[in-house]
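The values are calculated or read from the model by the stated rules, or taken from the named source; none is laboratory data. In this text the structure is predicted, and so the values were computed from the model without any measurement. Cβ placement follows ideal geometry from the backbone for every residue including glycine, while neighbour counts extend to all protein chains displayed.
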Amino acid sequence: MLKVGLTGGIAAGKSVVGEMFVSLGAHLVQADKIAHSLMEQGQAVYDEVVKHFGKEILNQDRSINRSKLAEAAFGPGVASGTPPTRVDELNRIVHPVVIQRQDEWMDTVGEHDPKAVAIVEAALILEAGAARRFDRLIVVTCDPEQRAARFAVRQNLDPESARKEVARRMAAQLPDEQKVKAAHYVIDNSGTLDATREQVKRVWEKLRADLDAATTYRESAT
């Protein structure tokens, strides 16, 4: 099995790229969905998040309001250049458990399909120090203006508010330049979907070749 990390900045198009890989035969799990499930009532992560960030982040039904949690973690001043003060605190609660669940998922995929390409889509693979858990790392990039425009549509925000919110959240992530340096493969999602799809196909062929080479090496070593 080949373990692949798929990462990139906010609104770069990781999910779109991930689904393209799935259409070619990859297995995929999204770290964000794992995190969502961990923040449901009854989960230890939920209890820790509420303990650290207060009941003010809860909806009336006591579910976590993710917008309020983001405001509490990132703070209102990040867009103007003030460093986030509580993002690391939130990450220390959530990341270890998310990474554990990712590892368990990859192990399960490998047990059922030893020749699988298992992809974990996660925004903070490098920031969480989790890159070493993967055989290959793919970074998705896009033009900054497109990033803001996509985020505006996704969150139903006006362009200026979207730019500020993207800047606020990007301040808590490594810049694309650093992520690209760490990547085995880079997909530029600044163009059309067809252009992105062609890049995905080329990377997929390389991933399959990487898997075949690793499989041949292991078989020859036994």
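When region 21-76 is filtered for residues that are charged (D, E, K, R) and within 30 Å of Val117 (Cα to Cα), the ones remaining, listed by number, are Asp32, Lys33, Glu40. In region 51-69, the residues that are within 17 Å of Glu89 (Cα to Cα) reach residues that are in a loop (DSSP other than H, G, I, E, B) with C-beta atoms within less than 6 angstrom, at least six apart or across chains, in these pairs: Ile57/Asn65; Ile64/Met39. If you filter region 63-92 down to residues that are buried (at least 16 other Cβ atoms within 10 Å of the Cβ) and touching a Phe, Trp or Tyr at 6+ places or on another chain (Cβ under 9 Å), you find that the one that is modelled with the lowest pLDDT is Pro84. When residues in region 164-197 are screened for being surrounded by 14 or more Cβ atoms within 10 Å (Cβ to Cβ), at pLDDT 90 or above and not aliphatic (A, V, I, L, M), 9 of them pass. Confirm whether Val117 is out of contact with any His (no Cβ under 9 Å at 6 or more places or on another chain), at pLDDT 95 or above and of a type in the set (A, V, I, L, M). Considered against the rule, which asks whether it is out of contact with any His (no Cβ under 9 Å at 6 or more places or on another chain), at pLDDT 95 or above and of a type in the set (A, V, I, L, M), Val117 comes out as no. Against the numbered list (1) of a type outside the set (Gly, Ala, Ser); (2) without any contact (Cβ under 8 Å) to a residue 40 or more places away in the chain; (3) touching a helix residue (DSSP H, G or I) at 6+ places or on another chain (Cβ under 9 Å), Arg133 comes up short only at (2). If you go through region 99-125 and keep only what is touching a helix residue (DSSP H, G or I) at 6+ places or on another chain (Cβ under 6 Å) and farther than 20 Å from Glu19 by Cβ, you end up with just Arg101.
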